1. Hey, got a sec? Which GluC sites (Glu not before Pro) in region 270-313 land in a DSSP loop and have at most 12 other Cβ atoms within 10 Å?
2. Once you put a point 7 Å from the Cα of N386 and another 7 Å from the Cα of S104, both along the Cβ direction, what distance in nm separates them?
3. Among bridges DSSP assigns within the chain, what percent are antiparallel (round to 5)?
4. Which FRET efficiency, nearest 0.05, do E74 and W530 yield, Cβ-Cβ r, R0 51 Å?
5. Greater than 28 Å separation of Cα atoms is the criterion. Which listed pairs, K165/K478; K198/K349; K409/K437; K167/K198, meet it?
6. Rounded, prolate or oblate for the chain? Axes are the square roots of the Cα gyration tensor eigenvalues, ordered a ≥ b ≥ c, and the cut-off for rounded is a/c under 1.5.
7. For the chain, give the magnitude of the charge dipole about the Cα centre (Cβ charges: +1 Lys/Arg, -1 Asp/Glu; no others), in debye to the nearest 20.
8. For E301 and D15, compute 0.36 nm times the residue count separating them, minus their Cα-Cα distance, and round to one decimal in nm.
Amino acid sequence: MLQSSDHVTLMSEADRLRPISVATLLDQNSDRVSQLTLTGAGLTLDASKQLIDEQALEALAASAAGADLAGAYERLVTGAEVNITEERAALHTLLRGTAHDALSALANEVTVTLSRMRAATEAIHSGDQVGASGQRFTDVINIGIGGSDLGPRMVCRALDDASPKVKTHFISNVDPHDLDVVTRDLNPQTTLLIICSKTFTTEETLTNAQRARSWLIDGGVSETAIGQHVFAVTTNLTAAAEFGIGEDACFPMWDWVGGRYSVWSAIGLVIALGFGWSTFASFLAGAKAMDEHTRAAECTENMPMMMALLELWNTRYLNTETHLVLPYSQRLEHLADFLQQLTMESNGKRVTLDGQAINQVTAPVLWGSAGTIGQHSYYQLLHQGNRRFSADIVLPLTNGDVDKDAHRKLASNALAQSRAFLIGRSAEESQALAVDKGLASELAPHFEMPGNHPHSTLIMNSVNPQTVGALIAAYEHKTYFLSVLMGLNAFDQWGVELGKVIGKQIRATLENGEGLDDLDASTAALATAWREANS
Ligand code: F6P
């Protein structure tokens, strides 16, 4: 955790830099881009458009050393109980082969599970495992929510292939419309379900799993043959068995893997089914390469450490209000959704590890969408609104054999936005524009843009299994390092529990009016309106 002396230093560094523009820093130092560009595991991070200089970076690196980020990484990968409120390790790194001698028993369990996943994947692809009517599986539906959905959903979209081995689909929301839309065009006889729930108690997932089961039965899969169409991924084998899923069809999860860090486990089975085992293996290898980079690189050369320091710097010291993730790749359209859970469920906390109130902001509010769609929507606020933000622009350099012209246009937009965030448009330029347009000079302020928005650009050769694995692992480690700098627990999520408890009470109210009088007047009126509409 940062010491108060670090805090004072960083405050004064931020005060020193605030009046300076990043464009000036770039003009003044011809080595700035190379000095602030880091590479690792197939990714390159250009941080030269961040409002930072050598002196501020030294102060941040000193804070990182004081907080012992390198030691924190070792504690993570060696299975220390980093999740203190649930008394658990957070060993997602072990799932991608970042092993440690002391963890060989757990590593064996992972290996056995990976072998079973591989065997199941290959049996389905070869046609050795078929549906109840003897037909090959053509589609797989992943049923899960949060960490049991967002990671695999994001990766499957990223690795999308014109001829997937099995088509992948996702159902998450308890709104029946979600399931109805997904199943509408599918054939139950050729569809496999994967019910992903670490706890196997999550209302949305169990409700959807029951409805999907009925959909199979209504579609002619007999009750006794349901087992041929359903896999489960869970720590709760008993609940899965009660649901009718036998041990052979269950893939284990472990309490030492957090839901939002679990895409590397059997939660990723849908990825292997969609795109083949070697793709899933490459995805794990990409993440492992990022683990190795994170262990070996010096702080200012270390991508996740630098990303964490920049997030700390922007959120706490430059007072940015939100953080945008702007992938210029439709393949990465779900990246921000995935990172919202990773970042905000992990670090959206208000007390330190020892329970003391944190009086500064913690996780940034993260949002974003695939370029260029956002450009025609909320970028107006980015350029001319008066909110402060930071951003990661993510830009794959190549995109296979797609239309080169369209690909060039996409990249031009990414670079143009990055430059516009940097330079904005000055008062003088706005005056000149007014003259150019034949407009009154009083209108010039409407054309001004402050620019100087701190952001990084993350590039990679292409979106492929390795780079996607490395990208997610970089953000995972960034998230953990930020928690260490802020002194909080990144691995619990008590904040989501209250809504679940109240949800149970209100379900009874909506069903039979029970407890209506115990509710506040507003919630009671809403519940009454719902009951009247559904009577
Ligand atoms: O929303 C809270 C949460 O517990 C997430 O942390 C988790 O990823 C999600 O629910 C799903 O949980 P499970 O995999 O147990 O169904």
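Every number in this text was worked out from the coordinates using simple rules, so none of it is lab data. All values reported here derive from a predicted model rather than from experimental measurement. Positions of Cβ are generated from backbone atoms using ideal geometry, with glycine treated the same way; all protein chains shown enter the neighbour counts.
1. E298
2. 6.5 nm
3. Beta bridges within the chain, antiparallel portion: roughly 25 percent.
4. 0.50
5. Cα-Cα > 28 Å for K165/K478; rest within.
6. In terms of gyration-tensor shape, prolate.
7. So the magnitude is around 800 debye.
8. Stretched fully, the E301-D15 segment lengthens by 100.5 nm.
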